[in-house]
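Q: I'd like to ask some things about the structure below.
Throughout, read-outs are computed from the coordinates displayed, never taken from laboratory work. Nothing here was measured: the structure is a model prediction, and the numbers come from that model. For neighbour counting, all protein chains shown are included, and Cβ atoms are generated from backbone atoms with ideal geometry for every residue, glycine included.
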Amino acid sequence: MRNRRLIRNLGRSGLLPLVFALLASRCEAPAGSPTRPLIPADVRLRGVSWVAADSTTEDEILALQRNHVTWISQTPFGWQADSAAPEVVLHTGGGRQRRMFWGEADSGLVHTARLARRHGIRTLLKPHLWLRSRGQWPGQIQMRTAADWQAWFASYSRFILHYAELAERHHMEALCIGTELKHAAVEHEPEWRRLIQAIRQVYHGQLTYAANWHEEYEGIRFWDALDFIGVQAYFPLSPRPQPDTAELRQAWQPHLQAIARVQQRYGKPVVFTEAGYRSIPTAAAAPWEWPDPRKPTPEDDATQAVCYEALFRACWRQPWFGGLFIWKWYPGMPPDATGRRRTDYTPQHRPAEQVMARWYALDHE
């Protein structure tokens with residue numbers, strides 16, 4: 001009881017990252033499934049993935065508050081020519097650098113984090129890499145030679161250490177050190193351990209890595225060096241159009257068991273660094289697939305809401321579950337938005353938003 005009261009007080013005072021440190025220090029890898037939550041329900045991360053724009057207003061932050069959101073993730077980008085290019089280019093928004101959204105520049109990241117903190121909402125800074133070669137994504141990054149890998153890690157280290165220093169300087173509560181870098185993350189454990197040590201020299205908040213659900217999070221071996229396990233939770237659940245909640249909850253079971261095995265090995269809380277579903281009839285079939293403007297799909301808000309309900313029912317009470325970040329949230333999106341966003345991932349102005357808000361309100365002080 002004393003520890004729980006301490007945790008609540010830390011959460012109220014804005015020191016929630018210390019909760020992870022306290023709990024991680026007490027969590028040896030258990031022999032079986034934990035019987036008590038690693039993260040108390042009242043401080044679980046209730047997040048959304050914030051989409052960068054050219055401004056952030058107080059009204060946009062208040063919209064998050066009304067939905068009981070307590071965290072946002074912000075995503076600046078590093079740029080790489082293709083999957084085999086050993087250089088990561090950093091753009092901070094200054095000088096003559098390429099045009100970028102203000103919200104992805106250092107100034108926008110800092111302003112948004114400060115405004116969110118003013119209203120009790122914390123920030124996970126979550127840099128991504130963008131590959132300029134059409135059709136490629138970070139999970140395909142694979143150098144051709146050992147020398148290229150050495151150059152890539154040197155370049156990537158400069159990139160991520162910039163954001164570590166930014167997060168430290170402006171008191172951002174958590175930092176994601178990489179996102180969906182499958183080959184780099186699974187095949188180069190020593191390099192990541194050295195990088196984590198370097199990051200901890202300049203940043204003193206909580207660290208995670210956002211591993212893809214497919215052939216990545218189970219293969220990573222440096223989870224013990226981080227504060228929580230991050231999973232990009234786009235697990236396939238059902239190929240059928242318009243599945244019901246019961247079917248989807250059942251489909252979650254093998255994924256939950258696999259996650260629990262990793263959690264038991266490392267004794268760390270698990271946070272879904274991204275999770276979401278499009279507003280389409282087959283939302284549960286391949287949740288990772290982006291909308292294709294060449295293949296219009298009928299809008300289906302009801303199926304999106306069912307997917308959300310199944311996600312929360314399956315995961316929210318898991319003892320290892322530390323929270324999630326819903327993909328994604330557009331600041332200032334109007335209720336009558338048209339076009340691609342009607343079948344996009346966002347729950348805004350749809351029944352899925354109500355599902356999210358209801359679950360985020362549970363146990364929330």
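Q: Rounded to the nearest 500, what is the chain's calculated 222 nm mean residue ellipticity when only DSSP H runs of at least 4 contribute -39500 (n - 2.57) each, over all residues?
A: That calculation yields -12000 deg cm²/dmol at 222 nm.
Q: Which order do F228, F321 fall in if you start with the one that has the fewest other Cβ atoms within 10 Å?
A: F321, F228
Q: Among W149, W213, which comes first, second and so on when ranked by fewest other beta-carbon atoms within 10 Å?
A: Fewest-to-most ranking of W149, W213: W149, W213.
Q: Express the Stokes-Einstein translational diffusion coefficient of region 284-365 in µm² s⁻¹, to the nearest whole number, given a Kirkwood radius over alpha-carbon pairs, 10 °C and a viscosity of 1.306 mPa s.
A: Rounded to a whole number, D works out at 113 µm²/s.
Q: Give me the one-decimal nm value for the distance between modelled label points at H170 and R158, 7 Å along each residue's Cα-to-Cβ direction.
A: Output for this residue pair reads 2.2 nm.
Q: If each of D363 and W102 carries a label point 7 Å out from its Cα toward its Cβ, how far apart are those two points in nm?
A: If labels sit at D363 and W102, their model points lie 3.9 nm apart.
Q: For region 232-321, build the convex hull from the C-alpha positions and give me its volume per residue in Å³.
A: 86 Å³
Q: Something else: Enumerate the lysines that K268 could reach by cross-link, defined here as Cα to Cα under 28 Å, with residues fewer than 8 away along the same chain left out.
A: K268 reaches K126, K182, K328.
Q: For D42 paired with L115, estimate the spin-label separation in nm (one decimal), with each label point 7 Å from Cα along the Cα-to-Cβ line.
A: For D42 paired with L115, the spin-label model returns 3.0 nm.
Q: Now, a different point. State the label only: which of (i) 21.5, 75; (ii) 19.5, 57; (iii) 20.5, 65 corresponds to Rg and Dmax of the Cα atoms in Å computed from the shown model?
A: Read-out taken from this structure: (ii).
Q: Still on this structure, I have one more. For the residues C315, C176, what sequence is obtained by ranking on other C-beta atoms within 10 Å, fewest first?
A: Fewest-to-most Cβ neighbours within 10 Å comes out as C315, C176.
Q: Same structure, new question: For Q201 and D336 in one chain, what is 0.36 nm times their gap in residues minus the Cα-Cα distance, to one decimal in nm?
A: Stretched out fully, the Q201 to D336 stretch lengthens by 43.9 nm.
Q: So, with +1 on the Cβ of K and R and -1 on the Cβ of D and E, and no other charges, what is the size of the charge dipole of the chain about its Cα centre, to the nearest 20 debye?
A: Using only the charged Cβ atoms, the result is roughly 700 debye.
Q: Net charge within 13 Å of E173 by Cβ-Cβ distance, Lys/Arg positive one each and Asp/Glu negative one each, not counting E173 itself?
A: +2
Q: Restricting to region 38-361, what percent of DSSP beta bridges are antiparallel, rounded to 5?
A: 5 percent
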